[in-house]
1. When you look at residue 298, is it touching a Gly at 6+ places or on another chain (Cβ under 9 Å), among the small types (Gly, Ala, Ser), outside any helix (DSSP H, G or I) and under 26 Å from residue 220 (Cα atoms), yes or no?
2. Given the options 54, 67, 60, name the one that is closer than 30 Å to residue 211 by Cβ, open to solvent by 30 Å² or more (accessible area, probe 1.4 Å), among the small types (Gly, Ala, Ser) and modelled with pLDDT under 95.
3. Considering only the range 126-167, how many residues are open to solvent by 10 Å² or more (accessible area, probe 1.4 Å), more than 15 Å from residue 198 (Cβ to Cβ) and out of contact with any strand residue (DSSP E or B) (no Cβ under 8 Å at 6 or more places or on another chain)?
4. Can you find a residue in the range 290-313 that is in contact with a Pro (Cβ under 9 Å, 6 or more places away or on another chain) and closer than 30 Å to residue 256 by Cβ?
5. Could you please let me know if residue 281 is surrounded by fewer than 22 Cβ atoms within 10 Å (Cβ to Cβ), part of a helix (DSSP H, G or I) and touching a residue at least 60 places away in the same chain (Cβ under 8 Å)?
6. Mind listing just one residue for me: the one in the range 92-125 that is open to solvent by 40 Å² or more (accessible area, probe 1.4 Å) and of a type in the set (Ser, Thr, Tyr) and, of those, farthest from residue 31 (Cα to Cα)?
7. Restricting to the range 11-30, and then to whatever is open to solvent by 80 Å² or more (accessible area, probe 1.4 Å) and of a type in the set (A, V, I, L, M, F, W, C), can you tell me which residue is modelled with the highest pLDDT?
8. Of all residues in the range 253-265, count the ones that are touching a residue at least 40 places away in the same chain (Cβ under 8 Å) and either of a type in the set (A, V, I, L, M) or open to solvent by 30 Å² or more (accessible area, probe 1.4 Å) (or both).
Amino acid sequence: RAQEQVLRAAEREALFAAAGDLRNEFISESIKRVTEPVELMLSDKLLDKLAMGGEHRVTGAGAAAPGDASLADELPTVHDLKKYVQLLVHELERCEACPDLLLKEGVRSVRSSVLLFATRLEQVVDTSCVELRCFEDEASLKLRSPMPAPTGGHARNARLFGIAHHVLTALRETVPARFQAAIVTQQVQGTLQQTQAAIISPTVSMLKRAITEAASRMERILEGRTADGAPGLLAVSQVCTHVGSRYFALFGQGQLFPYTKELCIFLVRTFLSAAVLVKPASGSADAVRQALAQDMQAVEGALSALDIEFQTHVRHEASVLRELKRLICSPKLEAVDFDAFANVIPMHLLLAYLVQQLPADIPSLPAFCKASFVEYCESSLMPLWEDQQDAGLKALRRKVGELTDKYDLD
């Protein structure tokens with residue numbers, strides 16, 4: 001058989017030029033094929049209707065009132081989203097038949113289509129319902145009564161969060177590996193995740209502020225307590241239960257996992273960083289131990305409300321919480337196996353706790369470092385959860401050494 005003839009460079013360019021009009025027409029149709037589905041799923045008419053729609057109270061367990069439900073019914077379904085991503089893949093494969101002339105433009109148009117979808121999705125987020133406001137005054141942790149129920153806007157936002165989640169999942173699972181890097185770019189992922197963050201981050205931030213405020217009150221742990229415990233931590237536990245059962249329940253299973261995991265970690269770390277800094281006054285050691293144990297029950301209740309499987313999902317923090325509770329409830333430190341506790345409890349927590357158990361006439365660790373309880377907790381202990389080997393822990397050890405030397409402690 002005769003060898004195939006290969007076009008010279010000049011002939012090749014001439015052929016491409018002759019096919020230029022046909023190529024441009026194909027690219028134009030390709031852009032149309034990947035853009036029209038977005039304009040159908042999130043049409044200008046739907047965007048306008050959602051923008052004008054007022055808030056409607058959610059009825060029952062996360063069901064929107066009829067007016068809002070009719071608008072939600074017009075949002076794309078999981079089936080729609082999967083078909084959309086399949087269409088994008090088919091377009092890429094069609095363009096792949098002529099990689100020199102079409103593939104680059106095909107990749108660009110598919111990526112632009114996903115970014116258009118993400119931009120339109122963000123436009124229909126109900127910005128008046130991105131936070132479930134549970135406190136009359138966050139500074140005092142005074143709860144609203146009754147606690148607010150989610151509105152139709154909250155339900156719509158949860159649905160939009162799920163849409164972004166399903167699009168990302170479909171892109172990762174459906175787009176062939178050879179196209180993944182070009183299509184599922186950091187920009188594409190970031191734009192969809194930005195929409196999700198706009199929906200959920202305000203409520204997560206509200207909970208973090210409440211947790212921080214409740215922890216800041218632990219310096220005087222015996223003041224203002226009721227038979228049920230510290231009012232601040234009880235309020236946080238109530239809010240976590242309410243948000244978890246009424247608002248987070250609107251989201252699809254597993255969709256909030258990165259956010260609830262981060263929140264559970266923050267709750268445990270903030271509480272324990274404050275708990276180890278509690279210094280019993282003279283004669284109050286038993287009362288302080290009982291108070292801390294009671295507060296730990298409130299924290300465990302809040303964690304379960306946020307994630308019923310928190311002991312599996314935040315295994316390290318859950319283990320530290322459990323072991324520190326055992327240590328705190330030990331009436332005699334002389335009988336404690338510190339080597340066993342040190343295998344689980346981070347060294348900075350263990351050191352801080354032991355220093356605070358020194359006699360009442362020895363200054364607390366924050367006082368010795370000329371810092372307030374809150375300042376020392378936030379700026380010295382919290383960062384050490386991520387720094388067990390570097391300068392931060394060395395600085396803590398040095399301060400503990402200075403304290404023991406100054407007061408002639410063994």
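1. No.
2. Result of the check over 54, 67, 60: 60.
3. The number of residues fulfilling the criteria is 10.
4. So far as the range 290-313 goes, no, none of its residues is in contact with a Pro (Cβ under 9 Å, 6 or more places away or on another chain) and closer than 30 Å to residue 256 by Cβ.
5. Against the criterion (surrounded by fewer than 22 Cβ atoms within 10 Å (Cβ to Cβ), part of a helix (DSSP H, G or I) and touching a residue at least 60 places away in the same chain (Cβ under 8 Å)), residue 281 does not qualify.
6. 119
7. The qualifying residue modelled with the highest pLDDT is 22.
8. 7
The values are calculated or read from the model by the stated rules, or taken from the named source; none is laboratory data. Remember, predicted model here, so these are calculated numbers, not experimental data. Positions of Cβ are generated from backbone atoms using ideal geometry, with glycine treated the same way; all protein chains shown enter the neighbour counts. Note: areas computed on protein heavy atoms with side chains; ligands, DNA, RNA excluded. Shrake-Rupley method; radii C 1.70, N 1.55, O 1.52, S 1.80 Å.
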